[in-house]
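Engineer: Below is one structure. I have some questions about it.
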Amino acid sequence: MDLGEGLRQAIAKLTHATIIDAKTIKEFTKALQKTLLSADVEVKLVLEFTKSIEGQALKSKPPAGVTPKDYITNLVYDELVKLIGPSYEPKLKRQRILLMGLYGSGKTTSAAKLAKFYSDRGLSTALICCDVSRPAAYMQLETLAKQANVPFFGIENEKSAARIVKKGLEKFKDKQVVICDTSGRSGLDQQLIDELKDVSREFGPDENILVMSADIGQVVGRQATEFDRAVKLSGIIVTKMDGSGKGGGALSAANAAKVPVMFIGIGEKLANIEPFNSEKFIGGLLGIPDLGSLIERVQEAVKEANINPEEAMSEELTFDTFYSQLKAMGKMGSLKSVFGMIGAADVPKEVLEQGEDKLKRYKVIISSMTKEERQTGKLLHNPDRIKRIANGSGTTERDVHAMISEFNKMKKTFDALKNDRNFKKKFMNFK
């Protein structure tokens, strides 16, 4: 069970309680303690956190019109925001960013994600590879830089990271944001400390950011403290926040080490990085809808997929336009994250996996259709075409028939909405 699921289950028990008295509250705080400890939140922080909630819940009463369950949920929300730490607002200006971290932290990928983040916001951005210890680092960052559409510099087989930095800065003197990826180790040793200090002197960073994985839990605090002592940190990036039940522990430990969380990685794609927002993060854990982020994610996906809302409503829904919509959905991230944004975080894992598999299968099936078949669905009444599509997509004829059946249901709904003036007006304004 991950942190969010445990918190939601503890709060859900309050809903079923006939009376919320001192005994109920104590049972509730014990459930919170168990959940937080299993998520690797430090014992001292857990005790302080639950003591504060218990004290407030017992001494105060809900305001008029507010249910005890909603009141206590709000107490938990406020205290968790304090525990996790403040939100971060990125500086959209000229700057040099030095990234550091141990092996397996996701540092190189985070460098490319960060480059795309600033580039997408109108700043000219470039990447420098100063990882001189991992042979594949040069090629990996070069490939990721191309995907992010930002310039890259490195010197393959060069052993002096400081020399690479110097030449990289000469090449990118006109860039507004320059991000430097450094070497990693299995642990912070003196050799890495000396190398980081040499690079820092040559690079002159505005931000020193430590990249760490969410699944290491409380160790974040110790590692952050060690790196901060060696090279004064501006903050950290916590990666793998989409798949780790220990994420809350990592964030709280970082806060305990007095090092702010600046960004979090929420997926494998380059767009899957966002400035850390403690209110939004805690809201997600507690199952509070985040419709603002959902709308933003939809807008970005529609833009990336080159879907024009006005054209979409005027067009007939064909397998071609359906395929474009499937691609746009793929750019929004996992179904788990989408359901989380609408406050449905506890959809069973098997249901989500089946949904993901179905969407992937539909895209493959449509890819196996001819141009004429995508435009004219009636052609698919021919059994031979169904058989050919199934063979070409590596699926079964039953799969193809199931996809066509669901498409036809969707088409009926789409045609009905297209004729609804109020819906059409709202859809046209969705930009």
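Engineer: Which of the residues that make up segment 377-404 are within 17 Å of residue 322 (Cα to Cα), free of Cβ contacts under 8 Å to residues at least 24 places away in the same chain and more than 35 Å from the chain's Cα centre (by Cα)?
Structural biologist: 378, 379
Engineer: Have a look at 59, 44, 13, 26 and point out the one that is closer than 30 Å to residue 224 by Cα, of a type in the set (Lys, Arg) and not assigned by TED's automatic domain parsing to the domain that holds residue 189.
Structural biologist: Just a single option satisfies the conditions, and that option is 44.
Engineer: Can I ask one more? With 106, 101 as the choices, which residue is under 30 Å from residue 45 (Cα atoms), in contact (Cβ under 8 Å) with a residue 40 or more places away in the chain and surrounded by fewer than 23 Cβ atoms within 10 Å (Cβ to Cβ)? I'd like the intermediate steps shown before the answer.
Structural biologist: Details: 101 fails: surrounded by fewer than 23 Cβ atoms within 10 Å (Cβ to Cβ).
Testing whether each residue is under 30 Å from residue 45 (Cα atoms), in contact (Cβ under 8 Å) with a residue 40 or more places away in the chain and surrounded by fewer than 23 Cβ atoms within 10 Å (Cβ to Cβ) leaves just 106.
Engineer: Have a look at 111, 64, 22 and point out the one that is small (Gly, Ala, Ser) and either buried (at least 18 other Cβ atoms within 10 Å of the Cβ) or within 25 Å of the chain's Cα centre (by Cα) (or both).
Structural biologist: 111
Engineer: Further question on the same structure: Against the definition (closer than 30 Å to residue 43 by Cα and either out of contact with any Leu (no Cβ under 7 Å at 6 or more places or on another chain) or of a type in the set (Lys, Arg) (or both)), how does residue 186 come out, yes or no?
Structural biologist: Numbers: closer than 30 Å to residue 43 by Cα: yes; either out of contact with any Leu (no Cβ under 7 Å at 6 or more places or on another chain) or of a type in the set (Lys, Arg) (or both): no.
So residue 186 fails the test.
Engineer: Sticking with this structure for a sec: Quick check on this structure: which one of 137, 162 is under 29 Å from residue 221 (Cα atoms), surrounded by 15 or more Cβ atoms within 10 Å (Cβ to Cβ) and over 29 Å from the mean Cα position of the chain (by Cα)?
Structural biologist: 162
The values are calculated or read from the model by the stated rules, or taken from the named source; none is laboratory data. The structure displayed is predicted, hence computed values, not measured ones. As a convention, Cβ positions derive from the backbone with ideal geometry for all residues, glycine included, and neighbour counts pool all protein chains shown.
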